[in-house]
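The values are calculated or read from the model by the stated rules, or taken from the named source; none is laboratory data. In this text, all values refer to a predicted model and were calculated from it rather than measured experimentally. Here the Cβ positions follow ideal geometry from the backbone for every residue, glycine too, while neighbour counts run over all protein chains shown. SASA here: full protein model, heavy atoms, side chains in, ligands and nucleic acids out. Shrake-Rupley method; radii C 1.70, N 1.55, O 1.52, S 1.80 Å.
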Amino acid sequence: MIMDSSPTISVIMPTFNESTYIESTLQSLSEQSWEKIEIIVVDGKSTDDTIEKIQSFEPKFQRVKVLVNDPKINQSFARNRGMMHAEGDYIVFHDADDLSVPARFEKQAKYLQDHSHVGAVGSSFYYVNPNRNEKTIRDRPEGHKSIRKSLARSCPIHIGSAMFRRDALAQTHLFRSEYAEVYEILIDLVGNGWELHNIQEPLFVYRINEGSISREGQFEQKLSLVKRNYQAVTRLNLPVWNLIMSLGWFVYMYSPSEVKRKIRRVFAPDSDQQLTSEERRDLNKLLEQNNG
């Protein structure tokens with residue numbers, strides 16, 4: 001009998017009362033063209049039917065494992081715990097309300113197979129914000145040289161779009177912070193000699209479910225970004241002037257909308273692209289097929 005030696009992909013997914021979207025997310029994962037997928041769910045003691053819906057998908061994956069956490073534990077700890085139970089060669093941290101296009105895992109896994117020096121590969125992604133009736137494609141820097149340079153100001157790979165090489169991830173400190181947590185991992189990867197890459201094709205759907213964000217929450221997030229900027233500059237020997245520029249994140253919080261747009265153009269890692277008619281059709285089809 002011929003054994004299938006293709007790598008296994010472990011999907012680590014923190015959940016808490018995700019009944020609204022969990023089925024559509026799992027449906028998008030079950031439709032992947034890559035077959036060897038295990039799902040590691042780290043649940044914060046959901047009180048709805050999240051777990052029952054997850055269990056109904058068990059036959060569609062190589063393995064489904066549900067771990068139960070105290071609901072007070074943050075996502076960073078949940079992801080770290082999931083990592084300890086993952087058996088895959090490649091690791092994906094997937095939120096329970098987002099979607100992956102059917103070819104995503106195959107394209108990213110093959111890229112990692114063909115590029116042994118790359119520790120993580122991300123992609124462009126669809127950005128869907130129903131509160132603003134907004135649908136765009138967000139691109140991030142493609143090659144390692146551009147990604148390394150952009151680490152001084154921002155996180156150049158979206159966590160939801162990333163696939164990590166397990167061996168590379170094991171050399172980092174994993175998730176240590178509540179905010180900008182994957183940013184820290186990317187700095188570790190580059191500092192350890194790994195390269196990073198973004199496939200310039202939307203392989204992931206990032207769905208916004210905006211709630212109100214407190215001023216204190218915004219401040220903590222921006223402070224975390226500045227800390228990561230400092231880490232990148234000092235560890236990777238990037239230009240120090242980036243640290244002065246990073247103070248723009250604090251200006252951003254108190255600026256009018258027009259100024260915010262200008263600051264985002266300078267600091268944000270994303271380059272927004274309007275959807276073509278074909279891309280809009282593909283996205284709408286994906287959303288309809290996986291309607292949460």
> Could you count how many residues in the range 62-94 are open to solvent by 20 Å² or more (accessible area, probe 1.4 Å) and part of a loop (DSSP other than H, G, I, E, B)?
Replying inline: 8
> Looking only at the range 16-28, which residues are closer than 19 Å to residue 79 by Cβ, open to solvent by less than 30 Å² (accessible area, probe 1.4 Å) and either out of contact with any Lys or Arg (no Cβ under 8 Å at 6 or more places or on another chain) or free of Cβ contacts under 8 Å to residues at least 24 places away in the same chain (or both)?
Replying inline: 25
>> I'm told residue 145 meets every condition in (1) modelled with pLDDT under 95; (2) closer than 30 Å to residue 239 by Cα; (3) over 16 Å from the mean Cα position of the chain (by Cα) except one. Can you identify the failing condition by its number?
In response: (1)
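Listed residues 45, 53; which is open to solvent by 10 Å² or more (accessible area, probe 1.4 Å) and out of contact with any helix residue (DSSP H, G or I) (no Cβ under 8 Å at 6 or more places or on another chain)? Talk me through it step by step, then tell me what you get.
Details: 53 fails: out of contact with any helix residue (DSSP H, G or I) (no Cβ under 8 Å at 6 or more places or on another chain).
So the residue among 45, 53 that is open to solvent by 10 Å² or more (accessible area, probe 1.4 Å) and out of contact with any helix residue (DSSP H, G or I) (no Cβ under 8 Å at 6 or more places or on another chain) is 45.
Residue 35: part of a loop (DSSP other than H, G, I, E, B) and under 22 Å from the mean Cα position of the chain (by Cα), yes or no? Spell out how you get there, then give the answer.
Values: part of a loop (DSSP other than H, G, I, E, B): yes; under 22 Å from the mean Cα position of the chain (by Cα): yes.
For residue 35, the condition - part of a loop (DSSP other than H, G, I, E, B) and under 22 Å from the mean Cα position of the chain (by Cα) - is met.
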> How many residues does the range 5-14 hold that are surrounded by fewer than 24 Cβ atoms within 10 Å (Cβ to Cβ) and either out of contact with any Lys or Arg (no Cβ under 8 Å at 6 or more places or on another chain) or under 13 Å from residue 51 (Cβ atoms) (or both)?
Replying inline: 1
>> Among (1) over 18 Å from residue 90 (Cα atoms); (2) surrounded by 16 or more Cβ atoms within 10 Å (Cβ to Cβ), there is one condition residue 40 misses while meeting the rest; what is its number?
In response: (1)
>> What's the number of the only condition in (1) modelled with pLDDT under 70; (2) in a helix (DSSP H, G or I); (3) open to solvent by 60 Å² or more (accessible area, probe 1.4 Å) that residue 281 fails to meet?
In response: (1)
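Is one or more of the residues making up the range 236-257 part of a helix (DSSP H, G or I), open to solvent by 60 Å² or more (accessible area, probe 1.4 Å), modelled with pLDDT of 70 or more and in contact with an Asp or Glu (Cβ under 9 Å, 6 or more places away or on another chain)? Before the answer, list the steps.
At the first step, the residues of the range 236-257 found to be part of a helix (DSSP H, G or I) are 236, 241-245, 248-253, 257.
After this cut, where a residue has to be open to solvent by 60 Å² or more (accessible area, probe 1.4 Å) as well, the list is 241, 244-245, 251, 257.
Those left that are additionally modelled with pLDDT of 70 or more: 241, 244-245, 251, 257.
Okay, now just the ones that are also in contact with an Asp or Glu (Cβ under 9 Å, 6 or more places away or on another chain), so none.
Among the residues of the range 236-257, not one is part of a helix (DSSP H, G or I), open to solvent by 60 Å² or more (accessible area, probe 1.4 Å), modelled with pLDDT of 70 or more and in contact with an Asp or Glu (Cβ under 9 Å, 6 or more places away or on another chain), which makes the answer no.
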>> Can you find, within the range 29-68, the residue that is nearest to residue 102 (Cα to Cα) among those that are touching a Phe, Trp or Tyr at 6+ places or on another chain (Cβ under 8 Å) and touching a residue at least 60 places away in the same chain (Cβ under 8 Å)?
In response: 32
